[in-house]
Amino acid sequence: MLSTNEAVRRLKQGEVVAIPTETVYGLAADASKLLAIQQIFTLKQRPSDNPLIIHIGCMNQLDEFSKPMTEIELRIIKKFWPGPLTLVLPRKKNVLDAITAGLNTVAVRMPNHSKCLNLLQKTGPLVAPSANLSGTPSPSKSEHVLSDFGENFPVLDGGDCAIGIESTVLTCRPNYPTTTGQQSSCASRKFQSDILIYRPGAISAEELSEFGSVEYYTPSHSIKDTLRTSNVTPSPGLKYRHYAPKATVEWLSDVEQLETLRYPGVIFLLDKTPPYTQSFTDKVVKDGYSLLCCEGSWKRFGQLLYDTFRMADKENYTRIFIQDIRKHVATSSLKDAIINRIEKAISGH
Ligand code: TXA
Ligand code: MG
């Protein structure tokens, strides 16, 4: 584990270092150093057409890359930065193509993590995708980074991530995707709203609706299918397999469903209260299930989701049953983001 000064020294020398944020750990490199950025893609085994987020420690650092133009962008920044929100903005020419994968936009966020902000003040802007191998769940603890990249990998430890789910990625009119090159039904679709969410995160559509009308970029599976086969992909991360453990993930809707299960697996619950009764708990213990319960806390549920995926794989469980929270009466700003990640894990996309 590194000290902040050691992390600063290494990043300035062009090395890649894992850093903490409030969402997930990031694999960071100096945003002006091409070789270090290329190394991130190699280490993660990440396709080079999937662009990176630039992390900034103060507003001055944004000027190098972009400029928020619209009233809505400025208001969103004022309200949510530092925080778990990434804004896709028009890029300036000096942004390296390796960062944007050649797009005419750049993704930027200011993380809400004191150790990370302190680091960013000293290093300047850093690019950082999630610090996991492509295809494995994002790392919400420093030990997850070490498990993917080896025990001796340089990590600035900032404790367990407070949110545990990646940031909300969005763009505002007029920076919407345009159809260049090959047409696809997806890219040519007209977006009516002021704010377009590419990836749900801890800042919810409802919170954003204070600033204008909001829509999600991938509301249906048919659009996802179009994305995967299309050359026109405004947020390339959407077309790659994500967040999926090796174990199969399934929704668990009631106790009866569990009665029919034959294989031990992991059971991950938001609530402990009925329908999850004593007989359920007894069966869990008797049949060798591993039971995790978040006592009704959505925050805890988000924090532990990727850890649970990783634990299941490590312990060689082949199935993960997650309480079906899609119609849960309780609401939370995290709900859409958590459902999105679980559905990706279920479908394997
Ligand atoms: O919470 C987070 O955002 C974490 C922490 C480390 O900050 N980072 C993270 O990065 O999740 P990554 O690389 O795993 O995901 C970035 C997402 C991808 O889906 C990518 O396609 C999208 O942001 N993205 C990056 N630049 C973009 C751009 N110019 N236009 C549209 N989408 C972009
Ligand atoms: Mg990622």
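The values are calculated or read from the model by the stated rules, or taken from the named source; none is laboratory data. Here the structure is a predicted model, which means the values were calculated and not measured. Quick reminder, even Gly has a Cβ in these numbers, built from the backbone with ideal geometry, and neighbours come from all protein chains shown. The area values use the complete protein model at the heavy-atom level, side chains included, leaving out ligands, DNA and RNA. Shrake-Rupley method; radii C 1.70, N 1.55, O 1.52, S 1.80 Å.
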Assuming 0.36 nm per residue, please report the length gained on full extension of the stretch Glu207 to Lys92 beyond their Cα-Cα distance.
38.5 nm
Convert each backbone phi in region 8-13 into a coupling constant with the Karplus relation 6.51 cos²θ - 1.76 cosθ + 1.60 (shift: θ = phi - 60°), then list the ³J(HN,Hα) values in order as whole Hz, x for Gly and Pro.
4, 4, 5, 5, 5, 7
Cα-based Rg and Dmax for region 4-229, where Dmax is the largest Cα-Cα distance (Å):
17.0, 50
Amide H neighbours of Val266 at under 5 Å, excluding residues fewer than 5 places away on the same chain, with H built from the backbone geometry, are Ser290, Arg319, Ile320, Phe321
Share of Cα-Cα pairs in region 7-128 lying beyond 19 Å, as whole percent:
42
Distant-in-sequence amide H partners of Arg199 (H built 1.01 Å from N, under 5 Å)
Val169
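For a 20 Å ceiling on Cα separation, which of these pairs sit above it: Lys79/Lys141; Lys272/Lys335; Lys272/Lys299?
On the way: Lys79/Lys141 27 Å; Lys272/Lys335 18 Å; Lys272/Lys299 15 Å.
The answer is Lys79/Lys141.
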Taking the simple approach of a point 7 Å from Cα along Cα-to-Cβ for both Glu215 and Phe191, what is their distance in nm?
0.9
Can you tell me the Rg and the Dmax, both Å, for the Cα atoms in region 248-347?
12.7, 36
Within region 4-229, what whole-number % of the accessible surface is contributed by carbon and sulfur, with the 1.4 Å probe and all protein chains included in the calculation?
50
At 1.4 Å probe radius, can you tell me the per residue accessible area of region 4-229 in Å²?
41
Mind jotting down the distance between the C-alpha centroids of region 64-117 and region 1-30, whole Å?
19
